[in-house]
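The values are calculated or read from the model by the stated rules, or taken from the named source; none is laboratory data. These numbers come from a predicted model, not from an experiment. All Cβ positions, even for glycine, are placed from backbone atoms using ideal geometry, and neighbour counts span all protein chains on display. In case anyone asks, the SASA skips ligands and DNA or RNA and just uses the protein heavy atoms, side chains included. Shrake-Rupley method; radii C 1.70, N 1.55, O 1.52, S 1.80 Å.
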Amino acid sequence: MFGPATAWRRSRFRLVAAGMLASTVCGVAASPVQAADSPHLATVTTLRKDAEAHPAKMLQFGVYRTEADAWVAWKAVVRRQPDMVADLVPRVSLQKPEIPDSGFVLRAAPLPDLDPTFVCRRIVGGGGSCLVVDAAAEQPTAATPAATLEDNDHNGVVTYSPDQSREMQEIERQAARLSRIAAIVPGNEARVDIGALKASRWNLCSLTFDDGPHPAVTPRILDILRSEGVRATFFPIGNVAVRHPRIIKRIVQEGHEVGNHSLTHPNMRTLTTEAQRAQIAETNRILAAAGADPVLFRPPAGRWNSDTLTAVDQEKMSPALWNVDTRDWFTRDAGKIMAQLEATGTIGSVVLMHTTYNATAEALPRAIGLLRTRGCRFVTLSEWITSLNSLATPRIAQR
């Protein structure tokens, strides 16, 4: 009934109407980065052989008035010297944490096996500008989310704050009061008649996995999905995915859908429209390099606002939430995950799970079995949305 997710194009899929901004990013006056006159150089591959003998280093690109300016400058760096920055993970932090108006610093961390001094020299040689600094100089921004990466090896494990926990649970409660589409796609006003669902024998469910990818847990989840013959949707974090492109490639190759879960897992509400779009666009670039073509964006912890909808639409994407939360991010216990799913899972479920917890992988075969006994047929989230949209009143024209 449904083709693979890669056959979907963003221009046909958008559910929130808005004009698309020009793709070219304007130059930022505060940026020290200059366009290169020479052709792009080859990707940097020089290894850092003495990583344990010296303090960790980062590349610094400049200081900017706002966080949004810094992210726009990073996008300009990527556009001008894509080969030079392919193996860098960007970060924005306050120049002086004790002074909120001190400006924002754009830095980037090279992958562990790269020599940052050599990388910086190549960038300068290509017409750009950078400075090598100690990683210890990095400070979190005022907008740094309470959810932080726990593992030193950046496995994408996220710890959610009490405030985030309450908001995530409220999303599920709201789903019971909204039409199925509005619960999953913020801003979509179409409604689905229960009679139409019954008449069509509609029985779709979608498993979705946020965060990561985790180098050990995500492959285990993929093994289970392959064994069960289930396709799912993954929402990886950009600055984690950049370290695990092979896992992203495997997700795509095995017929699953890859969505976008932001670059750094921030609270999107604290960012400007430009900064939100930069979070989305840079993650799309990372995922595209691994063979993915995201059409869905899931805001971290479900936090979004009107600026989020604008930024998502500018990237020709659609926002996507969930209506069944397994609470695996809170309990990290397979038995409790199953108890939550038994209480809430049924036909029409868009199930929120995470690709970073062993407990999730442990519960997954039982979760699939439970939902199947309740009549679920599993599809990707894009397929779930489009199928339900075809039954909506009024019907939304496909673009």
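Tabulated results
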| item | result |
| --- | --- |
| Within segment 179-227, tally of residues that are touching a residue at least 40 places away in the same chain (Cβ under 8 Å), under 25 Å from the mean Cα position of the chain (by Cα), under 23 Å from residue 296 (Cβ atoms) and open to solvent by 60 Å² or more (accessible area, probe 1.4 Å) | 1 |
| Total residues in segment 271-320, condition open to solvent by less than 20 Å² (accessible area, probe 1.4 Å) and not in a helix (DSSP H, G or I) | 13 |
| Condition broken by residue 136, with the remaining ones in (1) of a type in the set (Gly, Ala, Ser); (2) more than 18 Å from residue 90 (Cα to Cα); (3) modelled with pLDDT under 85; (4) open to solvent by 50 Å² or more (accessible area, probe 1.4 Å) satisfied | (2) |
| Among (1) modelled with pLDDT of 65 or more; (2) in contact with a Ser or Thr (Cβ under 9 Å, 6 or more places away or on another chain) - the single one residue 143 does not satisfy | (1) |
| Among (1) assigned to a loop (DSSP other than H, G, I, E, B); (2) in contact with a Lys or Arg (Cβ under 6 Å, 6 or more places away or on another chain); (3) more than 29 Å from residue 347 (Cα to Cα), the one test that residue 255 misses | (3) |
| Residue match in segment 376-389 (condition: charged (D, E, K, R), open to solvent by 10 Å² or more (accessible area, probe 1.4 Å) and in a helix (DSSP H, G or I)) | no |
| Close pairs from segment 299-320: first touching a residue at least 24 places away in the same chain (Cβ under 8 Å), partner open to solvent by 10 Å² or more (accessible area, probe 1.4 Å) and among the polar types (S, T, N, Q), Cβ under 6 Å, at least 6 apart | 303/267; 307/273; 310/273; 311/273 |
| Filter result for residue 370 (touching an Asp or Glu at 6+ places or on another chain (Cβ under 9 Å), in contact (Cβ under 8 Å) with a residue 12 or more places away in the chain, farther than 28 Å from residue 240 by Cα and not hydroxyl-bearing (Ser, Thr, Tyr)) | yes |
| Residues of segment 326-361 classified as in a helix (DSSP H, G or I) and farther than 16 Å from residue 168 by Cα, total | 11 |
| Test for residue 264: is it open to solvent by 50 Å² or more (accessible area, probe 1.4 Å) and β-branched (Val, Ile, Thr) | no |
